[in-house]
Amino acid sequence: MKSGFRVYDSDTHINPAAEILDKYVDPEFRPRLAELVPFRIRVGQAVDGPSEMHNYRAGMKFYRRILGEAAPRENFSGRDSKWMGSRRPRPGIQDDQARNRVLDMDDEGTDAHFLIPTSWLSLCGLDDASIEVAMTRAYHRHMADFCGQFPGRLTGPIVASCRQPAEAVREIREWGKAKWAVAVMPLLPEGLPVDHPSLDPIWAEAQEFDLPIANHSFTWTPPYYPGYRDLWDNIFIGRLAAHPWGAMRFVAGFIGAGLYDRYPRLRMGVLECGFGWLPFWAKRMDEQAEYVGGIPSLKMHPSDYMKSGRFFCSIEHHEGEDMFADVTRFLGEDVLMYASDYPHSECQFPDSVSNILEWSAMGEGRMRKLLAGNAERFFRQG
């Protein structure tokens with residue numbers, strides 16, 4: 001609690017080291033861990049400091065050109081970012097130190113975290129989908145142990161391997177009633193659209209377990225956001241485009257394909273993508289649905305699905321209270337969810353919640369919905 005408000009952070013991250021994930025793999029997969037050695041990158045995360053641990057990363061993308069310069073700089077990676085908080089999180093909070101994470105949450109006044117996996121997801125860029133499936137299974141076991149230490153406070157998604165829908169369904173059935181599992185996160189490989197019929201079993205199973213669909217794009221590793229090859233090799237443009245465009249495409253494909261109509265109890269939300277674009281995209285989808293078509297007959301206008309109580313989006317603090325007011329005026333008060341991006345450098349730890357509470361003109365009712373109420377309607381409640 002913070003100043004009498006319950007707080008559910010809808011966008012935080014966890015990135016267990018390879019040495020930790022390896023402990024959780026199926027026994028029959030253990031001999032194959034040697035195949036992943038080329039993708040073990042030494043951890044140098046700002047949140048934890050130098051480490052002898054490693055993360056799994058495949059297909060890492062660098063953006064080496066600075067705007068206005070003719071050629072890329074070999075010594076510029078495009079991966080450095082400014083730490084925006086006033087203090088670093090405690091050690092091990094992305095690996096196996098759940099207590100340290102909860103202590104950070106207590107410092108910030110946060111009641112619950114939704115934990116999104118990061119770099120190991122890049123294994124979906126490898127040709128062999130069985131590797132992705134095996135590490136997904138290991139990750140779910142790790143999450144059960146990590147989150148199980150603080151039930152209700154630490155939650156996360158079931159990762160659904162879209163290259164292997166049957167395996168995704170198996171994982172949803174195995175973990176769909178676990179207290180930590182409050183959403184399904186589709187892992188879409190490059191070239192596979194969200195509306196592809198092969199993914200219907202995933203949506204059906206998510207609906208069966210009352211698990212919403214949570215989308216999150218990535219900048220530097222697979223699953224890449226759309227257009228990542230066409231950014232003039234520049235991280236400023238890349239980071240501007242990454243999450244918003246990934247979310248825009250996902251929302252258009254999901255709504256335009258009629259998935260809300262075919263799965264009437266299914267909720268969907270997009271995370272870490274900003275929110276000021278929502279009214280523009282809603283209106284533009286309405287116009288293009290009529291103008292060019294290319295979609296099945298829908299029961300409502302695309303914008304109506306975004307106002308229906310089944311669509312959600314996390315906020316980013318920098319867009320501010322004025323933008324929040326504009327979006328809620330158009331879409332209503334039941335869409336936007338508080339998010340900090342902890343422990344990534346964009347978060348403002350340990351002041352993320354306090355900074356939102358400074359949005360004093362929005363009123364207590366809206367603040368309660370933003371800080372926890374909407375997230376609690378979006379995520380499955382244990």
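Residues being in contact with a Cys (Cβ under 8 Å, 6 or more places away or on another chain) and crowded, with 23+ Cβ neighbours inside 10 Å: count how many of those fall in the range 130-165.
Residues flagged as in contact with a Cys (Cβ under 8 Å, 6 or more places away or on another chain) and crowded, with 23+ Cβ neighbours inside 10 Å within the range 130-165 amount to 5.
Among the helices (runs of 4 or more DSSP H) lying completely within the range 247-322, list those that include at least 1 residues that are among the polar types (S, T, N, Q).
Once the helices (runs of 4 or more DSSP H) in the range 247-322 are filtered for at least 1 residues that are among the polar types (S, T, N, Q), what remains is 278-291, 302-306.
What number of residues within the range 1-34 are of a type in the set (Lys, Arg) and in a helix (DSSP H, G or I)?
3
Checking residue 59 against (1) small (Gly, Ala, Ser); (2) modelled with pLDDT under 95; (3) closer than 30 Å to residue 153 by Cα: exactly one of these is not met. Which one?
With respect to (1) small (Gly, Ala, Ser); (2) modelled with pLDDT under 95; (3) closer than 30 Å to residue 153 by Cα, residue 59 is out only on (3).
Any residue in the range 326-349 that is at pLDDT below 95 sitting within a Cβ distance under 7 Å of a residue that is among the basic types (Lys, Arg)? List the pairs, counting only those 6 or more apart or interchain.
Sorted first by the residue in the range 326-349, then by its partner, the pairs are 345/82.
Of the numbered conditions (1) within 28 Å of residue 317 (Cβ to Cβ); (2) free of Cβ contacts under 8 Å to residues at least 12 places away in the same chain; (3) of a type in the set (Lys, Arg), residue 99 satisfies every one except a single condition; which is it?
Every listed condition holds for residue 99 apart from (2).
What's the number of the condition residue 82 fails, among (1) part of a loop (DSSP other than H, G, I, E, B); (2) surrounded by fewer than 16 Cβ atoms within 10 Å (Cβ to Cβ); (3) free of Cβ contacts under 8 Å to residues at least 40 places away in the same chain?
Here residue 82 clears every test but (3).
One residue is enough: does the range 295-309 have a residue meeting the conditions within 19 Å of residue 257 (Cβ to Cβ), basic (Lys, Arg), more than 21 Å from the chain's Cα centre (by Cα) and loosely packed, with under 14 Cβ neighbours inside 10 Å?
Checking the range 295-309: at least one residue is within 19 Å of residue 257 (Cβ to Cβ), basic (Lys, Arg), more than 21 Å from the chain's Cα centre (by Cα) and loosely packed, with under 14 Cβ neighbours inside 10 Å.
The values are calculated or read from the model by the stated rules, or taken from the named source; none is laboratory data. All of these numbers come straight from a predicted model, not from anything done at the bench. Because the Cβ atoms are built from the backbone with ideal geometry, glycine has one as well, and the counts that use them run over all protein chains shown.
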